[in-house]
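**Student:** Can you read through this structure? Questions will come right after.
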Amino acid sequence: MVSRSPPRRRVRSTMACGGGTGEEWPSLPADLLLAVFALLPSDADRVRFRAVCARWAAAAAAWRPRPWLVGSRTDRSGQGAAMSSFWLSQAGGLVPFAAAVPPGLEYLSSSHGYLALSDPSAAPKAITLLNPATGRRVPLPPIAFFKRWHDVATVVLSADPAAGAAWAALAAGFPTNCLAYYSSAAGAWTPLRFSAAGYAGVEHHGGRFYVAFKNRICVLHEPGCGAPPAVIPLEHADPDADGRSDDEDVPGDGRRVAVDTHLVECDGDLLHVSVRDEAEYSSDDDVAVDGGSSTVVNKRVVELHRVELVGDGAVRLVPVEGLGWHALFLGRNRAFALSKAEFPACRVNCVYLLDRQGHPDGVVRVLDMDSQWARREETIYPDDGRRGSPSAGWARRGWFFPSY
């Protein structure tokens, strides 16, 4: 008599959300799911984790990724764009890593978890939005009314294009002879009249785009009904602000000159951030320039003002002494603010300023807003192995905060 083994019992998998009974993977505590998510070795794994179910995605949303410093450089002919990318580590340094960016594309800007990239050999310039964490690409049409030499410097989105709702983008170049407005509904760029002699700061705040250059602040008015938007200058409610010089003399040893202007949304407020170059005389600074018998030192000073709308078409700039529990990340083509809750390793009340923009040996200066006048700062060198190379073209670098 042949003995038969009992039939195997079919076990239903409980890995998928909503399936099975009893102890299921989706019922794991959120803090445990978040701990697992933080240990995943790659962005691709993190994207798969979030796709499992809504509960896993909600747990992953609580994870605060590290800011990236990304950039690209070309050869002297403007060809052969090569990307470089760094993590801002928990120790406060810059750790190189390979971001998932297609070769041959040039970094322009970043917004809402997307890198704005372009082909440096193409004219007119066509922009591709890329989420390097998810791999999602959003191709945009060329900005035909920008001249070839008119490089796109900043692209700011109103929302995540993956959200499904209508969204818009505002692009600015250098020098800023005009702005370019893109509507996902129309699928085309519209030229807007605006000019500035340098890099203009752009931000989307409270459902509207704002543009600033030095002390001038404008808002983008979208009338609807198919009418094109317009850039409306805002008058200063403070009578002293209109007459104040952008490159005013200040008491002391030097002269303060505006270098960059940024608009940044921080803790629900819109901040006007001015980076100024103050010339001083010293003998021990790493950016000193020999000026004969003495040494001229170019010191970066950051000034903060809160933008307050006053009535219809007016604005007031209110001085802000510090950032509290936030840190600012400033690059010529994009700026954003992070709180210590979003990134525990960032130094609060500090500015991570990209300096020597466009130079192959650019650096990051960490300025302490409590004591920037006392020159307490730290310099971080993002070394991609090509520092000081005579064949390397100017580098475009900027901060990026990924979205999973």
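**Student:** What does the accessible area of Thr176 come to, in Å² to the nearest 10, when a probe of 1.4 Å is used?
**Tutor:** 0
**Student:** Kindly sort Glu303, Glu321, Glu222 by accessible area of their heavy atoms, largest first, with the probe set to 1.4 Å.
**Tutor:** Glu321, Glu222, Glu303
**Student:** Using a Förster radius of 25 Å, what is the FRET efficiency between Ala126 and His221 based on their Cβ-Cβ separation? Nearest 0.05, please.
**Tutor:** Efficiency at R0 = 25 Å is approximately 0.35.
**Student:** Which trypsin sites (Lys or Arg not before Pro) does segment 148-234 hold that lie in a coil by DSSP with at most 10 other beta carbons within 10 Å?
**Tutor:** Sites meeting the loop and neighbour criteria: Arg148.
**Student:** Heavy atoms only, probe 1.4 angstrom, no DNA, RNA or ligands counted: give me Ile143, Ile232 ranked by accessible area, highest first.
**Tutor:** Accessible-area ranking of Ile143, Ile232, largest first: Ile232, Ile143.
**Student:** Could I ask something else about it? Calculated FRET efficiency, Leu39 and Arg136, Cβ-Cβ r, R0 30 Å, to nearest 0.05?
**Tutor:** The pair Leu39/Arg136 has a calculated efficiency of 0.80.
**Student:** Can you pull the accessible area of Met83 for me, 1.4 Å probe, Å² to the nearest 10?
**Tutor:** Surface open to solvent at Met83 totals about 60 Å².
**Student:** Accessible area of Val275, 1.4 Å probe, to the nearest 10 Å²?
**Tutor:** 0
The values are calculated or read from the model by the stated rules, or taken from the named source; none is laboratory data. Computed from a predicted structure; not experimentally measured. So basically every Cβ, Gly included, is an ideal-geometry build from the backbone, and we count neighbours across all protein chains shown. Accessible surface is based on the protein model in full, side chains and every heavy atom, while ligands, DNA and RNA are left aside. Shrake-Rupley method; radii C 1.70, N 1.55, O 1.52, S 1.80 Å.
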